[in-house]
């Protein structure tokens, strides 16, 4: 290749490089432009920023107590005063024979219609609280007149009176629904529950009373759930128990079984609505349902025989267990209620079916299982319930000393130690115990004490049953304590458990104190010599163990 050709190639190469340089320059400029477009505007200096004045907190309006009492509570209270006067007027007119029965009933219905008219009028004139109370009073008056027709004047049979009163209940619910008024429904509820006690009767119809109160409660409960009236929900629940309790005190004891049926119906309806969750108030429903369960158990225990009581508890246990399995799959909050109630149902059944001293061991096993299920279901209520049952059963076991090896009390002690170990292993896997090492140490100390008490009692029972002398009995217990202390120290040294080592040392000194304060006064000098020699050797051996551990650590 000649020099001329080389020069031409170099010129072409330079031209290519110039072209590539221009393309790179253009690309760089485009990238800079896009970056500047996407870059947010610089914030203004603090001095140029416009600061919005802080919003002034809204002042709470003071409560106008005069308006609150005069417009709201005054009509609610005195509507019952008016209705009480009407009831006494009916009774007085009946006693003195001033008017015939049909006229008195007609006047009652006319007064109720008048209250409806006045109530609607007050609502139209913006006197809403007064109007709602008048409407509620009209429903209560209709219920009073109908009860008077049946109870005082015997004008209609119980079935007819019940159907008419159901219609009046529907009217009260309609008024509450139409005017979106929970207080109106509460006024109707209070009046409806109190009516049977405001009307005197020498021969009360218990079945009619129970049927009315139950239907009345169901209507109020379903309405409260539909409208999400939580106050009405609680009022209807509480007043039914109060009403039935008051009614049960006025009847013959043989008629009390009917009351438990009404309570069971209430609990079943509460359970169904709780499972359906129509109120979106799970926490409040849980409290009401649990209270209902406890009250239901008390009712059936008082009013039913043993077989019926146990059969009902088993039924509740089965129902709540099945619901627990169902809610377990859904992982809902309802599981934290159904599990404890299922546990309590079975616990009450066992307590009723068997002797209490035979059940302590079963209670211990049930408590550990309850805690296990509570951990798996992440239910703190279930865990606390299991812990409570375990503590009570453990205290019962400790307080019931055994005097024979082959006895139910001795078996309960064995179950207590076994379940304690199982509980310790179970809780060791939980996050709480892993984070709280002190809790683990406390459990270890408790188990060590329990095992010491159990061992001491076992040795005492064996020596007593073998008819050994008092010297041998005291010596055996002291030797067992010394060996137990050495075992604790050795185990604590191997596991590097300082608490266990200190416990063992403390038990050695307690054993020495027992020898000096108790054994010296009862044992012979020969036994005394043996005990002090053994305890001295134990102390020296323990010292050797600590010396060896200290040398290894150094």
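What percent does the relative contact order of the range 259-390 come to when contacts are Cα pairs within less than 8 Å and at least six residues apart?
RCO, the range 259-390: 20 percent.
Among 271, 417, 220, which comes first, then next, by fewest other beta-carbon atoms within 10 Å?
417, 271, 220
Full-extension gain between residue 302 and residue 290, please, as 0.36 nm times their residue separation minus the C-alpha to C-alpha distance.
Difference between extended and current length: 2.4 nm.
Residue separation times 0.36 nm, minus the C-alpha to C-alpha distance between residue 177 and residue 156: what's the value? Please list the in-between numbers first.
Values: separation 21, 0.36 × 21 = 7.56 nm, distance 2.99 nm.
Length gained, residue 177 through residue 156: 4.6 nm.
Arrange 443, 475 by Cβ neighbour counts within 10 Å, fewest through most, would you?
The fewest-first ordering by Cβ neighbours comes to 443, 475.
Along the Cα→Cβ direction, 7 angstrom out, place labels at residue 268 and residue 207. What is the inter-label distance in nm?
Placing both labels 7 Å along Cα→Cβ, they lie 1.8 nm apart.
Give the peptides 490-496, 141-147 in descending order of average Cβ contacts within 10 Å, highest first.
Answer by packing, highest mean first, reads 141-147, 490-496.
Just subtract the alpha-carbon distance of residue 242 and residue 537 from 0.36 nm times their residue separation and send over the number in nm, one decimal.
Result: 99.0 nm gained on full extension.
Quantify how much of the Cα-Cα distance distribution of the range 312-386 extends past 21 Å, in percent.
Tail of P(r) above 21 Å: 24 percent of Cα pairs.
For the range 284-362 and the range 215-244, write down the distance between their C-alpha centroids in whole Å.
Value for the Cα centre distance between the two parts: 23 Å.
In what sequence do 292, 487 fall when counting other Cβ within 10 Å, fewest first? Kindly include the intermediate steps, with their values, before the conclusion.
Values: 292 22, 487 15.
Placing the least packed residue first, the sequence is 487, 292.
Sorted by mean Cβ packing within 10 Å, highest first, what order do the peptides 160-166, 358-364 take?
The densest-packed peptide leads the list: 358-364, 160-166.
Where a number appears in this text, it was derived from the coordinates with a stated rule and is not lab data. Just so you know, these numbers come straight off a predicted model, no measurement behind them. So basically every Cβ, Gly included, is an ideal-geometry build from the backbone, and we count neighbours across all protein chains shown.
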